[in-house]
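To start, the structure under review is shown below, and the notes come after it.
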Amino acid sequence: MSVPDVPFFDGAAVEEAVAPERALEAVRDAFIAYARGEWTMPPKVYVHAYPAGDFRAMPALGGGHALLKWVTSFPGNPSAGLPTVMGLVLVSDASNGVLRAVLDAGAVTALRTGAAAVLAAETLGRADARSAAVIGAGVNGRAAARTFLARGRGVALWDVDAERALSVASALGAEVTTSREEALAADLLVTVTPGREVLLAEGALAPGQHASLMGADGPGKQEIAIEELARVRVFSDEWEQASHGGDIAHAVEAGVLERGDVTELGAVLAGAAEGRRSPAEATVFDSTGLAIQDLAIALAALERVDELDLPCFSL
C-alpha cells in the first residue's frame, strides 16, 4: 500500500476551509475534550532567539490525529516586510503515523487566536455586554475582530498604527476607536499586542468588564499589571503553560496568584468549574495559545480537503 499524497493548505486555503464560526466551535470542543482528558498535549517547547524573537514546537494528540506545530514569533518582522508569525503545522493519522496534511502555521494561529479570544469573552463576559473592542490590528487582532463580527457583534479596533487600524476596520466592516482609552473601556476587551507594554494598570478594569489577554504568550511579555490580576477574577487556557509563560506568570512569581486562584476555561466549558459569578465581577482570560487549539483548526480544515483545489506532494 503506497503512502497517499499530502495536501498543503496555504494561508488562503486555511481561511477558505475554516470560517470563524466553525473555528470557534472547533476550539470550544477542543477545550472541553482536553478538560475531560480525551485529548493530550505535552508542554510547549520554546527555543529562544531573544531579543529578536523565538521558535516554538507544539505537539498535541486527539480526534484520532497527532499534530506538531513549528512556529516563530518575531515581533520586529513587520518593519522588514515579514510576518511576525511563520511556520508549519503537520497533522498525522494517530493510528499509523501517516502524514495527512501540512498547513500554514500563521493562518492556523490567527484563526484559533481569534476563536479563543471571542469564546472566552462570550463565556466569561456579562450577558448584557454591549461594546467590544480589539487592541492590536495585526494578523491575530484582525482574526479576533473578524470572529466578533461573525458572531453578530459589532467591534471597534485600535492600534498604535492608526492607518493599519483604519485599513483593517474598513476591510472587515468594523469601527475604529478615537483613542486607546476608549477601546480599554469596552465591555468585552481583547488585547493582541507584542506584550512589551502593560495596558491594564491597577484599577483599569471596571466592574463587570471582561478582558481576553492574547498578547503575552511567552516569557517576558506582559499586558496587565500584577496588582490588577490580584484584584480581578482570573481564568487561563491552561494553568501549567500560562503560569510559566503568560501574563499570570509574573503574578505567580511575585507570590500574588496560586493554582487555586486561576480557573481554566476548559473546565468552565465542560461544566466542571464556575465561570462568572456576578454581573459586577471583572474577569480576565490569560491566553498563551495551546496546541489542542491548533489541532482543532487543522481537523476542521481537513473536513473540507476534498472540496478545495489544494497542491499535494509525495513523501
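Mind pulling the angle between the C-alpha long axis of helix 139-150 and the longest principal axis of the chain? Nearest 10 degrees, somewhere in 0 to 90.
Roughly 80 degrees between the two axes.
What are the residues whose amide H is under 5 Å from the amide H of E264, where those residues sit 5 or more places off or on another chain and H is modelled from the backbone?
Answer set, sorted by chain and number: S236.
Along the charge dipole of the chain, pointing to its positive end and built from +1/-1 on Cβ of Lys, Arg, Asp and Glu, which listed residue (T177, V139, A242) has its Cα farthest out?
Among T177, V139, A242, the one farthest towards the positive end of the dipole of the chain is A242.
Given the DSSP H assignment, sum -39500 (n - 2.57) over each helix run of at least 4 residues in the chain and divide by its residue total; what's the result at 222 nm in deg cm²/dmol, nearest 500?
Working: 11 runs with 108 residues, N = 315.
Dividing the helical sum by the residues of the chain leaves -10000 deg cm²/dmol.
If I take every Cα pair under 8 Å that is 6 or more residues apart in segment 126-288, average their sequence separation and divide by the length, what percent do I get for the relative contact order?
On the way: 341 pairs, mean separation 35.7, N = 163.
Over segment 126-288, the number comes to 22 percent.
Taking every DSSP beta bridge with both residues inside the chain, roughly what % is antiparallel (nearest 5)? Don't jump to the answer; show the numbers that get you there.
Working: 29 of 56 bridges.
So the antiparallel bridges in the chain amount to around 50 percent.
State to the nearest 20 debye the size of the charge dipole of the chain about its Cα centre, where the only charges are +1 on K and R beta carbons and -1 on D and E beta carbons.
For this selection, approximately 120 debye.
Can you tell me the 0 to 90 degree angle between the C-alpha axis of helix 162-172 and the longest principal axis of the chain, rounded to 10?
60 degrees
Using a/c under 1.5 as the rounded threshold, could you call segment 95-187 rounded, prolate or oblate? The axes a ≥ b ≥ c are square roots of the C-alpha gyration tensor eigenvalues, and prolate needs a/b larger than b/c, oblate otherwise. Don't skip to the answer; put the middle values down first.
Details: a/c = 2.82, a/b = 1.62, b/c = 1.74.
Judged from the Cα gyration tensor, segment 95-187 comes out oblate (a/c at least 1.5, b/c at or above a/b).
Order these peptides, 133-143, 112-122, 255-265, by their mean beta-carbon neighbour count within 10 angstrom, highest first. Working shown, then result.
Details: 133-143: 26.5, 112-122: 28.3, 255-265: 15.5.
Per-residue Cβ counts within 10 Å, averaged per peptide and sorted highest first, yield 112-122, 133-143, 255-265.
Read-outs throughout are calculated quantities, based only on the coordinates presented, and are distinct from any laboratory measurement. Treat the numbers as computed from the prediction; the structure is a model and nothing was measured. When we count neighbours, we look across all protein chains shown, and the Cβ atoms used for this are built from the backbone with ideal geometry, even at glycine.
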